[in-house]
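The values are calculated or read from the model by the stated rules, or taken from the named source; none is laboratory data. In this text, all values refer to a predicted model and were calculated from it rather than measured experimentally. Counting neighbours? That spans all protein chains shown, and the Cβs are built from the backbone with ideal geometry, glycine included.
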Amino acid sequence: MNKIAGPFLCGILLSACSSGEDPASFPPHLILSVVDSIGVEFGDPEEVFGDVNGAYFLDESTFVVFDKAYQNLRTFDSEGNHILTRSFQGNGPLEYQYASSISFLDTLFGVFEFDKPPGCVIFDGSVTPVSSVTLHESSALMNPGFLGNSSIIGSVGWMAERNGVPGMGIEVCSWDVHSGIRERVFFSNSVDLTSYGSGYGQFVSLEHCVESLRDSLVFVVPDLRGFEILVYSAEGAILDTLCTVHERDLRSPEEIELEMIWRKLRDGGMGDWSPSDREPGITQLQVQDSQGLLWACHGSYFEPEFDVYGMDGGIEFTCSCSGLPTSEMLRFGINDHGFLAYTMQPSGYPRVYIMELVDEQR
């Protein structure tokens, strides 16, 4: 693998693509191991989740869980004991109508509204709203997060007829966190449609993920079937590509069926679509800012693994998981303060898993 010539923050990047290496050069392998979990079928109502769509540690001793189904925010201590539950649905400037996700920012976190016009309410660590913004967009907001303290990063979609041909596309953009005005476009992608009624499969093919490192870099996975990570400066200049190729193994019928159920619930049964029988490529990006680590999640939704890139662009270590269920679709909330995993699909009994990073040899 070619190492990146300079640190990420200097913006000096070289390609890091490979499909194989000398075994002697393999990076160390670490384990994300489950310490505890919360979320039950019956019992304490504060620990029953409807649809978890975001969970992050706010500091070393407290984490927050956003429940999309109940539209509330719940905080817990590091051992999983419930601290408080709050809801902010309403029409006020520091309230949301129907929130869809959360993202962490230093000592703050944002709760994002998906629908048109999209917006964000920013909270401090005590789950008190401190500011809000409505984005100047007529499309739904996907993959939202923060690019430092001054910008929101995310993507919006479009569907229109161009030169007589119907099409749809996405644009990864940034917006001023105070005014909501669009600042720039980092990445765009589009497909032609044979008809507007056949668009759901093309919509799925445009799925991607976005993450940022402080106010310096933006990472975009343009296609969840692949392993490329495009690296942009905060000013929108393409710097280079990170890529570590893995074999896409066959998935179990159970995982394929569960993904179909999850998508129908998430997207309202928008159209016909058949999942690939192969594992996806990169499905999620997470960043540990102070350490300059980019976590690229890949492989089966049931048994995810990570390539963890350092600030020089090389892989610092690889990582697999221990103690997670092997029959649930999982996502992660990883930052400087800790590690969480949570069940993606609301069709069962969603849980949040508290995890720790350990050496494979320990």
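Quick look at the numbers
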item	result
Enumerated strands (runs of 3 or more DSSP E) restricted to region 157-243, each holding at least 1 residues that are under 25 Å from CYS120 (Cα atoms), at pLDDT 95 or above and of a type in the set (Gly, Ala, Ser)	165-176, 182-192, 209-213, 228-233
Output for region 40-59, where each listed residue is at pLDDT below 95 and either in contact with a Cys (Cβ under 7 Å, 6 or more places away or on another chain) or surrounded by fewer than 18 Cβ atoms within 10 Å (Cβ to Cβ) (or both)	VAL40, GLU41, PHE42, GLY43, ASP44, PRO45, GLU46, VAL48, GLY50
Flag if TYR342 is within 27 Å of PHE49 (Cα to Cα), touching a Gly at 6+ places or on another chain (Cβ under 8 Å) and among the hydroxyl-bearing types (Ser, Thr, Tyr)	yes
Residue that is farthest from VAL35 (Cα to Cα) [pool: residues in region 310-362 that are at pLDDT 95 or above and among the acidic types (Asp, Glu)]	GLU316
Subset tally (residues that are part of a loop (DSSP other than H, G, I, E, B) and under 21 Å from GLN288 (Cβ atoms)) for region 128-149	2
Single condition GLY154 does not satisfy, out of (1) more than 21 Å from the chain's Cα centre (by Cα); (2) closer than 24 Å to SER290 by Cα; (3) of a type outside the set (Ser, Thr, Tyr)	(1)
Residue match in region 271-285 (condition: surrounded by 15 or more Cβ atoms within 10 Å (Cβ to Cβ), out of contact with any Leu (no Cβ under 7 Å at 6 or more places or on another chain), within 22 Å of ARG214 (Cα to Cα) and of a type outside the set (A, V, I, L, M))	yes
Some residue of region 45-56 being in contact (Cβ under 8 Å) with a residue 40 or more places away in the chain, under 26 Å from TYR98 (Cα atoms), touching a Pro at 6+ places or on another chain (Cβ under 9 Å) and charged (D, E, K, R)	yes
Subset tally (residues that are more than 23 Å from ARG214 (Cα to Cα), of a type in the set (Ser, Thr, Tyr) and surrounded by 21 or more Cβ atoms within 10 Å (Cβ to Cβ)) for region 98-139	0
Residue tally, condition over 17 Å from GLY92 (Cα atoms) and touching a residue at least 24 places away in the same chain (Cβ under 8 Å), over region 115-126	1
Count of residues meeting criterion [in contact with a helix residue (DSSP H, G or I) (Cβ under 9 Å, 6 or more places away or on another chain), farther than 22 Å from SER320 by Cβ and of a type in the set (A, V, I, L, M)] in region 252-300	1
